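The values are calculated or read from the model by the stated rules, or taken from the named source; none is laboratory data. In this text, all values refer to a predicted model and were calculated from it rather than measured experimentally. Cβ atoms come from the backbone with ideal geometry, glycine included; neighbour counts cover every protein chain shown. SASA here: full protein model, heavy atoms, side chains in, ligands and nucleic acids out. Shrake-Rupley method; radii C 1.70, N 1.55, O 1.52, S 1.80 Å.
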Amino acid sequence: MFERFTRDGRRIVEGAQAAASRLGAEQVEPEHLLLALAGGCQDPAALALAEVGIDAGAVAQAIEDDLVAMLEVVGVPPSVVAATPPQPRHDRPTLSAPAKQVLEHALREALRRRDRRI
């Protein structure tokens, strides 16, 4: 499927992998794709997201808030999360099933629009 991606599309997937790695995630999740899209500076997707008030900082904060909330459910206090920086991974995280679905939807949308590239 990646052969159908434009250079910018590949850059987003690579950015999502870098974000997941930097955050210590085992897999690239849809939120990592969104983080990469939002951080695209003058990229059309980043500009569209910025128009509705979504930027990389907001996405990163939402990811952290979600992590804190999940850990609180199992009894880990927010102070422990704040005191424990993420351990970056040295390998390239793989795409999770939900992230693959996002990319498959992008492909279907491109085909629906009769675009040759994603």
Task: Residue that is farthest from H32 (Cα to Cα) [pool: residues in region 84-118 that are basic (K, R) and not in a loop (DSSP other than H, G, I, E, B)] - done: R112
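Out of region 20-55, which residues are under 22 Å from T84 (Cβ atoms) and not acidic (D, E)?
Matches in region 20-55: A20, S21, R22, L23, G24, A25, Q27, V28, H32, L35.
Only one residue in L47, L33, L37, L67 is part of a helix (DSSP H, G or I), surrounded by 13 or more Cβ atoms within 10 Å (Cβ to Cβ) and without any contact (Cβ under 8 Å) to a residue 24 or more places away in the chain, so which one is that?
Going through L47, L33, L37, L67 in turn, just one is part of a helix (DSSP H, G or I), surrounded by 13 or more Cβ atoms within 10 Å (Cβ to Cβ) and without any contact (Cβ under 8 Å) to a residue 24 or more places away in the chain: L67.
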Open item on the list: If I filter region 12-25 down to residues being of a type outside the set (A, V, I, L, M) and at pLDDT below 90, which single residue comes out as least open to solvent (accessible area, probe 1.4 Å)?
Closed with: G24
TODO: Please name all residue pairs, on different chains or six or more residues apart, with Cβ atoms under 8 Å, provided the first residue is in region 1-18 and is in contact (Cβ under 8 Å) with a residue 24 or more places away in the chain and the second residue is open to solvent by 80 Å² or more (accessible area, probe 1.4 Å).
DONE: R4/R116; R4/R117; F5/R117; T6/R117; G9/R117; V13/F2; Q17/R92
Open item on the list: Please count how many residues of region 70-81 are at pLDDT 85 or above, among the aliphatic types (A, V, I, L, M) and over 19 Å from the mean Cα position of the chain (by Cα).
Closed with: 4
Open item on the list: Could you list, ordered by first residue, the pairs with Cβ atoms under 8 Å in which the first is in region 95-117 and over 16 Å from A20 (Cα atoms) and the second is in a loop (DSSP other than H, G, I, E, B) and of a type in the set (K, R), at least 6 apart or interchain?
Closed with: A110/R116; A110/R117
Open item on the list: Of everything in region 82-97, what is surrounded by 10 or more Cβ atoms within 10 Å (Cβ to Cβ), within 19 Å of E31 (Cα to Cα) and aliphatic (A, V, I, L, M)? Give them in sequence order.
Closed with: L95
